[in-house]
Amino acid sequence: MNCTKRRFAIGLFAILSTCVAIAGDRACAETGQPTSSASVPVRSVTLFSSGVGYFEHTGTVKGDSQTELDFNKEQINDILKSLTLEDLDGGTIGTVVYPSQDPLEKILRGFQVDISNNPPLGDLLSQLRGARVKVQTHGEEFQGTILGLEKKKKYAGEKGQVVEHWALTLLSGPALRSVLLDELQRLDLEDKQVQEELQKALAAVADSRDQARKVVTIRFQGNGERRVRLGYVLETPVWKTSYRLILSDRVKPRIHGWAIVENQTDNDWSDVRLSLVSGRPISFIQPLYHPLYVPRPVVEPELYGSLQPQTYEAGTAAEATGPAQDKGRALNSKETQAFARRKSAAPLEAQPAAGAPPAPVSSSGLASAAVETVPVGDLFQYQIEHVSLPQDRSAMIPIVVAQLDAERVSIYNAAVLAKHPLTAARITNTTGLHLLQGPVTVFDEHSYVGDARIDTIPPGQERWISYGIDQQVSVRLPSSKASTAVQTGKIVKGILHLSRRQQAVQEYVVDSKADHDKALVIEHPIRAGWKLVDSPPPIETTGQHYRFKQTVRAGQSVRFVVKEEVVESETLMLLPADMGQVELYSRTGEIPREVREVLTKAAIMKGAIIDQQRNIQEKQRELGEIRQEQERIRANLGATTKGTAYHDRLLKKLNEQETRIEQVQNDAEQFRQALLQQQRELEKFLANTSVGDR
């Protein structure tokens, strides 16, 4: 841009900037906002483990007042969905005002002068046709009305290159004047309506530069001084817990619990009541902030005046029903009702915790966590008074400092580690508090021994944690045996029902090199349908494992055996069954005697049937041989002369074979009839026979 054009642009920008300021003052005057402003600070914060938080502000207002809250653009949907307002002393809630979310391009297209596409100077002036302007060029100043713009060609340079320049055409009095934009030094808009349009458009552009921040203005209407309360739900970081478990032989084990919270809001938390809730309420985002426009059809003018666009009666939507109220349930265990309500008189400033291992605490120090634990329906919360935390800061807040029951053990699971058990502890929650899931750093006599994780432990319940490898104890699995055997059997209408027992034996050999006795817990996998037999009872059972507890003496070995069995059913239809199967089960001693006798008789009858089938097959074989011989004889007859001795001999032999065929066919038919009779007898015998336990 040359110097002349730059000076022109600066002059135009100065005019429009001044207009923006004027427009801003006018907009404020038009809103009619109350002049009284009130501060309603945040006093209560409730954070849920599902990633949302409820924020409550309380304060006082006087007369018609307003308060302003800052939010991110992404938070406005939550505000529109959850904002709750109360004027507690007779006042009323006024209008809640917030910036529009219409896209900037849509807003700008609504003005007479469209600057949505950042138009160059020529395009901008083209939109101002008919506007009165004052133009200043080199040594000359005049007024006129914009008629339009055109491109003019000029020769430039030694080679006569053609360059296009924009020229502004003005009606100045009775004359038309053309001014190159490059020669303009200043251009003033004299049309106030055009100025106002540009002012509003530029104001919209200025507002759009800070789209990330949205100011929500809340108005209260009434007389005198009144208490007000407002609350809303926002997306927040999930609050977390971490613990330090201190094991000791000298004093009772202790647990220190910390809540890790983050203030990612736009407000400092100053002396607020912080509630940390362990539940997961259903929460969602609905795009209420974005303006919705219903597309409408474009109807072209009809050629016939009598033809009009059709209208249709609106349908009736299905009746909407709201979600059922969840009344929750009270936790009624004695331990839950006995939650300690420990409050500190001094404010609790949330500060980052030191990273050094915790020092031993006295019994008086166990009450240092200023926490109130309260059941809330199906949820559970910690309440902490007097918390101060600046915005964009995080903190560790002590929520549990208490004694509990913990037993040192080693726990072995072959699927986790084949050779060694893990060092572990069995924790019983005797704190009277809910211990939420989280990491646990374990110290033994103030020495770090490992990290673990716990699930949520309600008061009075037990959990296991493991935090290291016990290299003083090794475990071997020398053998795994499996066997199967028939247990019993019965026959019901020709079907043999067998009960088959399968057994599995797993041996564990534990070797200890420790100088003291150890408690070892073995986790043995549970197989569906199997049950323990001839094994020590487990101390507990999970959905996946049995847990057996053994004491391993110092420097000794222990052999531990787990035996399991399952009884499965098997059926065999005796009529089509293989003869060998029937004979095998007839000699199986575990099957009752009367069942074996039936099987023996069935095997004899099946043997007779097999003999008849063999006889029939033999006759069929014989018939095949005779017919093959007849074919040979007939072939020879065709090659001999009738009346000769050899020809007569062949005829005689052929006649004898025909007689034999008739005899064999008669014998085969008798065998078939006998076979059918034997099969009917076997079917009748099996169908009418039921023996054994039924």
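The values are calculated or read from the model by the stated rules, or taken from the named source; none is laboratory data. Just so you know, these numbers come straight off a predicted model, no measurement behind them. Cβ atoms come from the backbone with ideal geometry, glycine included; neighbour counts cover every protein chain shown. Heads up: the accessible areas ignore ligands, DNA and RNA and are worked out on the full protein's heavy atoms, side chains in. Shrake-Rupley method; radii C 1.70, N 1.55, O 1.52, S 1.80 Å.
What residues of the stretch 508-548 lie in the reach of a label at Ala485, counting those whose backbone N is under 17 Å from a point 7 Å from the Cα along Cα→Cβ?
533-535, by backbone N distance to the label point.
Give the calculated FRET efficiency between Arg632 and Gln665 to the nearest 0.05, with a Förster radius of 22 Å applied to their Cβ-Cβ distance.
Taking R0 as 22 Å, the efficiency between Arg632 and Gln665 is 0.60.
Specify the inter-centroid distance of the stretch 522-598 and the stretch 53-94, based on alpha-carbon positions, in whole Å.
Here the answer is 69 Å between Cα centres.
If the viscosity is 1.567 mPa s and the temperature 4 °C, what translational diffusion coefficient in µm²/s does Stokes-Einstein give for the stretch 403-541 when Rh comes from Kirkwood over Cα pairs?
Numbers: Rh = 18.3 Å.
After rounding, the answer is 71 µm²/s.
Take the alpha carbon gyration tensor of the stretch 546-672, find the square roots of its eigenvalues, order them as a ≥ b ≥ c, and report rounded if a/c is under 1.5; if not, report prolate when a/b exceeds b/c, else oblate. Kindly include the intermediate steps, with their values, before the conclusion.
Details: a/c = 7.39, a/b = 3.59, b/c = 2.06.
Verdict is prolate for the stretch 546-672.
May I ask you to list the aspartates and glutamates whose Cα is less than 19 Å away from that of Lys549, ignoring any residue fewer than eight positions away on the same chain?
Result set, ordered by chain and number: Asp405, Glu407, Glu462, Asp470, Glu507, Asp511, Asp517, Glu523, Asp534, Glu540, Glu564.
Would you tell me the accessible area of Lys563, worked out with a 1.4 angstrom probe on the heavy atoms of the protein chains, in Å² to the nearest 10?
Approximately 50 Å² for this residue.
Give the shape of the stretch 390-436 as rounded, prolate or oblate, defined through the alpha-carbon gyration tensor: a ≥ b ≥ c are the square roots of its eigenvalues, a/c under 1.5 means rounded, and otherwise the shape is prolate if a/b is larger than b/c and oblate if not. Display every interim value, and only then the final one.
Details: a/c = 4.22, a/b = 1.80, b/c = 2.35.
Cα axes put the stretch 390-436 in the oblate bin.
Order His165, His57, His516 by their accessible area, 1.4 angstrom probe, all chains in place, largest first.
Values: His165 40, His57 0, His516 90 Å².
Result, largest first: His516, His165, His57.
Could you pull the accessible area for His256 with a 1.4 Å probe, rounded to 10 Å²?
20
For the stretch 619-694, what is the accessible area per residue in Å² when the probe is 1.4 Å? Mind dumping the intermediate values first?
Numbers: 5350 Å² over 76 residues.
The answer is 70 Å² per residue.
Between rounded, prolate and oblate, where does the stretch 426-471 land on the alpha carbon gyration tensor, with a ≥ b ≥ c its root eigenvalues, rounded for a/c under 1.5, else prolate if a/b exceeds b/c? Before the final figure, lay out each step's value.
Numbers: a/c = 2.12, a/b = 1.93, b/c = 1.10.
It comes out prolate by the Cα gyration axes.
Got a number for carbon plus sulfur as a percent of the stretch 606-689's accessible area, 1.4 Å probe? Working shown, then result.
Values: 2670 of 5690 Å².
About 47 percent, which is the carbon plus sulfur part of the accessible surface.
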